[in-house]
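Asks: Dumping the structure here so I can ask a few things about it.
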Amino acid sequence: MLNTNRKIIFISLAIAIAAACVFVFEGIYQEAKSAAITKLNQQQAIYARQAARGLEEFFATWTRNLNVLSGMNAIIADDREGKAILKLLYETNEVRITEIFRVDEKGVIRDDFPDSDAVGLDISHRKHFIAMLRDHKPTVSEAFRSIEGVDSVALHVPVLQGTEFKGSVGILIDFNSLAKRYLDVIKVGETGYAWMISREGTTLYTPVPDFIGKSLSAVEKDASLSALVNAMLQGREGTGEYTSQRIRDQHVNTIRKYAVYFPVRLGNTFWSICVASSEQDVFADLTTFRNKLAVTMSIFFFIGAALSTLGARAWLIAKEQEKNARSELEIARQRHQLAHLSRVNMLGELSGSLVHELSQPLTAILSNAHAAQLLLEHSEPDLNQLRDILGDITADDERAGEVIRRLRQLLKRGEVQFQPLRVNELVEEVLKLLRSELLDRGVTVQTKLAPKLPVLQADRVQLQQVLINLVTNACDAMADMPRAARALTVRTELDGDDVVLISVCDAGTGIAEGKLEQVFEPFFSSKANGMGLGLSISRTIVNAHGGRLRAEHNPVRGAMFHLMLPVSPPRTTQ
């Protein structure tokens with residue numbers, strides 16, 4: 001009877017210990033698996049967001065450039081000078097675009113560089129032209145096969161004479177080249193890659209060339225993909241899972257894929273990017289962890305079984321408890337490592353910040369180049385004006401190069417190059433640089449510059465970029481206000497004895513309640529095409545100078561941004 005009881009107790013303890021081991025093993029393993037999937041999704045999201053922002057900024061930049069063209073009298077009249085401008089713009093950008101063209105109000109192509117065969121082609125029946133004719137807003141076409149057999153996308157900007165529609169000016173972009181630049185480089189783990197669809201569900205990009213241009217539902221039959229695709233077609237962002245029999249262009253057995261999808265917003269339309277990786281990328285880092293955990297649980301089981309029959313051997317109990325404690329500490333350490341994802345956000349900030357910070361000098365270079373071209377068309381061009389324009393182009397080019405060098409130093413945590421800086425001169429330089437844009441936007445600027453401010457030790461290029469960002473953001477905030485109400489105030493003053501204060505006040509829509517600090521977070525933006533990096537980068541620059549950048553509500557209307565910079569000895573007056 002005693003032996004029978006011992007057997008029952010042993011079997012009961014063995015079953016209890018085995019159940020406990022299985023429960024603990026499953027709980028820890030599932031938590032580690034969840035952490036691994038979360039880590040993978042976060043990496044995928046950074047790649048997807050980076051590619052989307054790059055594509056959006058590419059089209060936004062060209063929309064701004066074409067808007068400048070559409071307002072020129074020569075382009076409106078489509079005369080010889082206008083044709084020369086179009087040809088020059090194509091020749092200076094032929095590595096980025098495949099064609100530039102002018103379409104009349106009836107939808108017939110009037111000029112096309114370099115494809116003269118396209119002149120006379122009627123595109124009035126195409127959806128994007130009909131949308132532009134109706135709304136008088138820039139439009140992006142669906143991807144289509146051009147006359148030359150190249151998968152292309154067209155960007156049209158309306159040409160208006162007053163309110164009268166005079167056609168459009170646009171560019172043709174090699175879509176495969178564009179996709180390769182932003183999507184083909186995405187590699188996550190061993191199997192991760194990106195694909196992209198249009199708002200109508202057409203496959204715009206995938207590593208399988210035969211699928212491009214076809215409906216996604218026609219090439220991927222698996223029903224598990226439907227929910228993810230439906231969310232993508234609604235312009236949403238998120239994560240999902242689906243099964244597939246492909247990894248890039250290779251056929252495999254049915255596998256589960258983990259994906260992140262993100263929209264690319266292009267004004268009248270949108271695309272959706274999906275970055276997907278197979279489950280083998282998720283489990284690659286878990287295999288060793290799982291084996292170690294299984295060994296640990298097996299040891300725990302046999303120890304428990306031994307304790308059920310060898311209860312008198314206390315030294316073995318103490319030894320196994322010590323082993324178990326060490327195992328638990330090792331498991332906790334590995335779980336902590338799985339959750340560690342520092343440094344990945346810096347990758348997204350690098351690519352976005354270069355585009356964001358260089359847009360001003362590059363736009364100025366383009367505008368000055370156009371002006372120089374127009375002057376050269378005169379029989380007796382004003383050489384002094386040409387020298388001034390070339391000087392401006394040189395200065396803007398040097399400033400762009402300086403920005404790149406400064407941003408690289410900032411990313412590497414290098415020291416800021418401090419030099420003597422007069423704050424009032426900095427403000428005047430920035431306002432002079434932005435004078436044309438302020439005039440175009442109908443913004444009235446008032447400056448209140450305190451005299452005899454101390455000379456600071458600071459990096460001129462970086463602080464110039466901060467102030468440019470604050471002023472352009474203020475202009476954007478007032479874009480929907482009546483022109484008479486677009487008032488911008490820039491003030492400098494001495495705050496106490498050791499801080500110089502620069503304030504930028506606008507009369508725009510203001511900042512929503514509770515968002516005063518959120519506006520400085522990366523990727524937070526209230527603008528439709530904003531990247532959400534400007535204020536985050538600006539605060540980083542100001543912090544590197546030992547200063548502060550904060551926002552507050554304007555008591556009357558709008559928002560106020562205060563840039564506070566410490567005074568460094570020796571103090572002289574300006």
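Asks: Please determine, by comparing only the residues of the range 526-569 that are of a type in the set (Gly, Ala, Ser), over 21 Å from Ala487 (Cβ atoms) and crowded, with 17+ Cβ neighbours inside 10 Å, which one is modelled with the highest pLDDT. Don't jump to the end; show me each part of the working.
Replies: Within the range 526-569, the first condition is being of a type in the set (Gly, Ala, Ser), and the residues that meet it are 526, 528, 530, 532, 534, 536, 538, 544, 546-547, 551, 558-559, 568.
Add one more test, that the residue is over 21 Å from Ala487 (Cβ atoms), and what stays is 528, 530, 532, 534, 536, 538, 544, 546-547, 568.
If we keep only those that are crowded, with 17+ Cβ neighbours inside 10 Å as well, we get 530, 532, 534, 536, 538, 544, 547, 568.
Working: Gly530: 56, Gly532: 63, Gly534: 74, Ser536: 79, Ser538: 81, Ala544: 81, Gly547: 91, Ser568: 71.
Restricting to residues being of a type in the set (Gly, Ala, Ser), over 21 Å from Ala487 (Cβ atoms) and crowded, with 17+ Cβ neighbours inside 10 Å, the top hit is Gly547.
Asks: Another question, then. In the range 472-487, what residues are among the small types (Gly, Ala, Ser) and outside any loop (DSSP other than H, G, I, E, B)?
Replies: Here is the first cut: in the range 472-487, the residues among the small types (Gly, Ala, Ser) are 474, 477, 479, 484-485, 487.
Selection gives Ala474, Ala477, Ala484, Ala485, Ala487.
Asks: Would a scan of the range 156-168 turn up a residue that is modelled with pLDDT of 90 or more, in the same structural domain as Gly107 (by TED's automatic domain parsing), small (Gly, Ala, Ser) and out of contact with any Leu (no Cβ under 7 Å at 6 or more places or on another chain)?
Replies: yes
Asks: Look at the range 1-16 and say how many of its residues are in a helix (DSSP H, G or I) and either loosely packed, with under 12 Cβ neighbours inside 10 Å or modelled with pLDDT of 70 or more (or both).
Replies: The initial filter retains those residues of the range 1-16 that are in a helix (DSSP H, G or I), namely 2-16.
From what is left, the residues that are either loosely packed, with under 12 Cβ neighbours inside 10 Å or modelled with pLDDT of 70 or more (or both) are 2-5, 7-8, 11-12, 15-16.
So the answer is 10.
Asks: OK, next. Restricting to the range 136-154, and then to whatever is modelled with pLDDT of 90 or more and not aliphatic (A, V, I, L, M), can you tell me which residue is nearest to Leu66 (Cα to Cα)?
Replies: Among those that are modelled with pLDDT of 90 or more and not aliphatic (A, V, I, L, M), it is Pro138.
Asks: So, in the range 398-439, exactly how many residues are modelled with pLDDT of 80 or more and in contact with a Pro (Cβ under 7 Å, 6 or more places away or on another chain)?
Replies: 0
Asks: Restricting to the range 113-148, what's the tally of residues that are in a loop (DSSP other than H, G, I, E, B), under 31 Å from the mean Cα position of the chain (by Cα) and free of Cβ contacts under 8 Å to residues at least 24 places away in the same chain? Spell out how you get there, then give the answer.
Replies: Going through the range 113-148, the residues in a loop (DSSP other than H, G, I, E, B) turn out to be 114-115, 119-121, 123-126, 136-138, 141-143, 146-148.
Retained after the next criterion (residues that are under 31 Å from the mean Cα position of the chain (by Cα)): 126, 136-138, 141-143, 146.
Next, from what is left, pick out any that are free of Cβ contacts under 8 Å to residues at least 24 places away in the same chain: 126, 141.
Going through the range 113-148 one residue at a time, the tally reaches 2.
Asks: Within the range 95-109, identify whether any single residue is free of Cβ contacts under 8 Å to residues at least 40 places away in the same chain and not in a loop (DSSP other than H, G, I, E, B), and answer yes or no.
Replies: yes
Asks: Right, something else. Is the range 469-481 home to any residue that is surrounded by fewer than 17 Cβ atoms within 10 Å (Cβ to Cβ) and of a type in the set (S, T, N, Q)?
Replies: Among the residues of the range 469-481, not one is surrounded by fewer than 17 Cβ atoms within 10 Å (Cβ to Cβ) and of a type in the set (S, T, N, Q), which makes the answer no.
Asks: Go through the range 427-462 residue by residue and tally those that are in contact with a helix residue (DSSP H, G or I) (Cβ under 6 Å, 6 or more places away or on another chain) and either loosely packed, with under 13 Cβ neighbours inside 10 Å or part of a helix (DSSP H, G or I) (or both).
Replies: 3
Asks: Does any residue of the range 75-86 turn out to be under 13 Å from His156 (Cβ atoms) and surrounded by fewer than 20 Cβ atoms within 10 Å (Cβ to Cβ)?
Replies: no
The values are calculated or read from the model by the stated rules, or taken from the named source; none is laboratory data. Just so you know, these numbers come straight off a predicted model, no measurement behind them. Methodologically, a virtual Cβ is constructed for each residue, glycine included, from the backbone with ideal geometry; neighbour enumeration extends over all protein chains shown.
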